[in-house]
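Asker: Mind looking over this structure? Questions follow.
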Amino acid sequence: MQHSSLLTQYLPQLKSLNTENKTTVLDLACGNGRNGLYLVENEIAVTFADINTAALEQVKQYTINAEHQQYMNLWSVDFEQENDFPLANKNFAAIMVFRYLHRALFDQIKQAILPAGLIIYETFTTEQAQFGRPKNPNFLLKLGELQDIFSGWEVLHSFEGIIESASGDKQAIAQIVARKPNE
């Protein structure tokens, strides 16, 4: 299970935020937990959130070692329920989202990140349709969309373009790492 290179690059900042704020990093729509587990291995507290309870159970069963269990929280949640605000009144040092897009969550994500906290977001762009799934425009970012959503935040990293995956497939993605302003 290979984690995102963004996490390696921003590990010191995530560790510092986690320690200072005494809050966890949210791995939103975590799937098999590959990214959050990398943080847990580095003694950063992570809340793994997903609708798929089997995936959460797999994360729970992942044996890092007993001392790392204290850094793991599991949250079974459906982020796509209409008129539901699962992130309301929640606070996180950082939120990371990989390969998931539900635009209705953006305002909640921005609210849930503590001042000076980080967003780490990576998902497919509209160009992905030429390479394979997903093809539905509801699940594909438009050009510059992440930059627009997080305008006013300090952008530490931004990328939009075509990459080659570990399996050699081309993928069209957008990435952003941004710090929330102190309010």
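Asker: Do you know which residues across region 90-105 are outside any helix (DSSP H, G or I) and farther than 25 Å from Gln13 by Cβ?
Answerer: Residue satisfying the conditions is His102 alone.
Asker: Further, regarding this structure: When you check Tyr121 against the structure, is it under 24 Å from Ala49 (Cβ atoms), part of a strand (DSSP E or B) and among the aromatic types (Phe, Trp, Tyr), yes or no?
Answerer: The answer is yes for Tyr121.
Asker: When you scan region 23-51, how many residues do you find that are surrounded by fewer than 14 Cβ atoms within 10 Å (Cβ to Cβ) and of a type outside the set (D, E, K, R)?
Answerer: Residues meeting the conditions: 1.
Asker: Select from region 69-106 the residues that are of a type outside the set (Phe, Trp, Tyr) and touching a Pro at 6+ places or on another chain (Cβ under 8 Å) and write down the one among them that is surrounded by the most Cβ atoms within 10 Å (Cβ to Cβ). Reasoning before the result, please.
Answerer: So the first thing to find is which residues in region 69-106 are of a type outside the set (Phe, Trp, Tyr), and the list is 69-70, 72-74, 76-78, 80-84, 86-91, 93-97, 99, 101-105.
Filter once more, keeping what is touching a Pro at 6+ places or on another chain (Cβ under 8 Å): 77-78.
Working: Val77: 17, Asp78: 11.
My answer is Val77.
Asker: Which ones in region 1-35 are within 15 Å of the chain's Cα centre (by Cα), assigned to a helix (DSSP H, G or I) and β-branched (Val, Ile, Thr)?
Answerer: Of everything in region 1-35, just one residue is within 15 Å of the chain's Cα centre (by Cα), assigned to a helix (DSSP H, G or I) and β-branched (Val, Ile, Thr), namely Thr8.
Asker: Still on this structure, I have one more. Can you say whether Gln108 is in contact with a strand residue (DSSP E or B) (Cβ under 6 Å, 6 or more places away or on another chain), polar (S, T, N, Q) and not in a strand (DSSP E or B), as far as the supplied structure shows?
Answerer: For Gln108, the condition - in contact with a strand residue (DSSP E or B) (Cβ under 6 Å, 6 or more places away or on another chain), polar (S, T, N, Q) and not in a strand (DSSP E or B) - is not met.
So that you can scan it fast, the table gives a plain yes or no per residue for (1) within 16 Å of the chain's Cα centre (by Cα); (2) among the polar types (S, T, N, Q); (3) crowded, with 19+ Cβ neighbours inside 10 Å; (4) at pLDDT below 95:
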| site | (1), (2), (3), (4) |
| --- | --- |
| Ile109 | yes, no, yes, no |
| Thr126 | no, yes, no, yes |
| Arg133 | no, no, no, yes |
| Pro137 | no, no, no, yes |
| Leu140 | yes, no, yes, yes |
| Glu154 | no, no, no, no |
| His157 | yes, no, no, no |
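Asker: Got at least one residue in region 136-158 being in a helix (DSSP H, G or I) and either more than 21 Å from Asp107 (Cβ to Cβ) or among the aromatic types (Phe, Trp, Tyr) (or both)?
Answerer: So far as region 136-158 goes, yes, one or more of its residues are in a helix (DSSP H, G or I) and either more than 21 Å from Asp107 (Cβ to Cβ) or among the aromatic types (Phe, Trp, Tyr) (or both).
The values are calculated or read from the model by the stated rules, or taken from the named source; none is laboratory data. Since the model is a prediction, treat every value here as computed from it, not as a measurement. Neighbour counts run over all protein chains shown; Cβ positions are idealised from the backbone, glycine included.
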